[in-house]
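> This is the structure I want to talk about, given as structure tokens.
The values are calculated or read from the model by the stated rules, or taken from the named source; none is laboratory data. Note that this is a predicted model, so its numbers are computed, not measured. When we count neighbours, we look across all protein chains shown, and the Cβ atoms used for this are built from the backbone with ideal geometry, even at glycine.
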Amino acid sequence: MVAFSDGVIAIAITLLVLEIRPPHDTRHLLHGLAALWPSYLAYVLTFMLIGQVWANHHIMFDHIRSADRVVLFLNTVLLMDVALLPFAASVLAEAFRDGHGQRTAVVFHGAAFALLAVLFNVIWRYVRRDRRLLSTTIDAAGVAAVSRRFRLALVWLATAILLGALVPVLGVAVIAAFIIYFWLPISGEIAAAKRRRGHRT
């Protein structure tokens, strides 16, 4: 299941570059390339966000011992949303390129990732409630740390959507800050890993 998920995520993140189309006017190529900045912005934001989805997916499933039909279904819905992300990036780039519909585009882009945050929370809540699905690689502190990080993602992205509906550039800035913060390691997991290594030695 994880290998299949990696494949879907890899395809989605690769498709992002197809949104960036070369300028038709090669006589003014530098200007044409510069004018593509909305596509570059959408590409970088979405690429890094999908990268976080991939990282968090591994963090979560590294600690899931087995997946029942509920987990498989929820993971399928999560991957369905992942496959939508190149389209969301295209909508964002087009809106900023044309100068119209920017609020809607930022809200749509943010909502696509907010849905992923919802699904991460639902899956993690389900597996932590039924400890038989969790492996012994994570202790209670690690479970709580992952839970806090996933809940914070919901609040953060909801804030980005709200601000994006009012001031699109501000919504994009909040998403950019989200990327920076959420690439930081989860302290609870790191501490648990150190304790396990110390115990083995």
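> Given (1) in a helix (DSSP H, G or I); (2) out of contact with any strand residue (DSSP E or B) (no Cβ under 7 Å at 6 or more places or on another chain); (3) more than 17 Å from residue 158 (Cβ to Cβ), where does residue 109 come up short, assuming only one miss?
Of (1) in a helix (DSSP H, G or I); (2) out of contact with any strand residue (DSSP E or B) (no Cβ under 7 Å at 6 or more places or on another chain); (3) more than 17 Å from residue 158 (Cβ to Cβ), only one is false for residue 109: (3).
> Hey, among the residues in segment 19-48 that are closer than 18 Å to residue 98 by Cα and within 20 Å of the chain's Cα centre (by Cα), which one's surrounded by the most Cβ atoms within 10 Å (Cβ to Cβ)?
Only one residue tops the list, namely 42.
> With the requirement that a residue be of a type in the set (D, E, K, R) and not in a helix (DSSP H, G or I), what does segment 2-53 give you?
Once the filter is applied, which keeps residues that are of a type in the set (D, E, K, R) and not in a helix (DSSP H, G or I), segment 2-53 yields 21, 25.
> What residue, among those in segment 148-201 that are more than 18 Å from residue 51 (Cα to Cα) and of a type in the set (D, E, K, R), is modelled with the highest pLDDT?
Among residues in segment 148-201 that are more than 18 Å from residue 51 (Cα to Cα) and of a type in the set (D, E, K, R), the one modelled with the highest pLDDT is 151.
> Only residues that are within 23 Å of the chain's Cα centre (by Cα), surrounded by fewer than 19 Cβ atoms within 10 Å (Cβ to Cβ) and among the polar types (S, T, N, Q): list them for segment 95-142, please.
Passing the criteria: 104, 121.
> Which residues, taken from segment 1-20, are in contact (Cβ under 8 Å) with a residue 12 or more places away in the chain and over 17 Å from residue 75 (Cα atoms)?
The answer is 13, 15, 16, 17, 18, 19, 20.
> Which condition number in (1) farther than 16 Å from residue 38 by Cβ; (2) part of a helix (DSSP H, G or I) is the one that residue 137 fails?
For residue 137, the failing item is (2).
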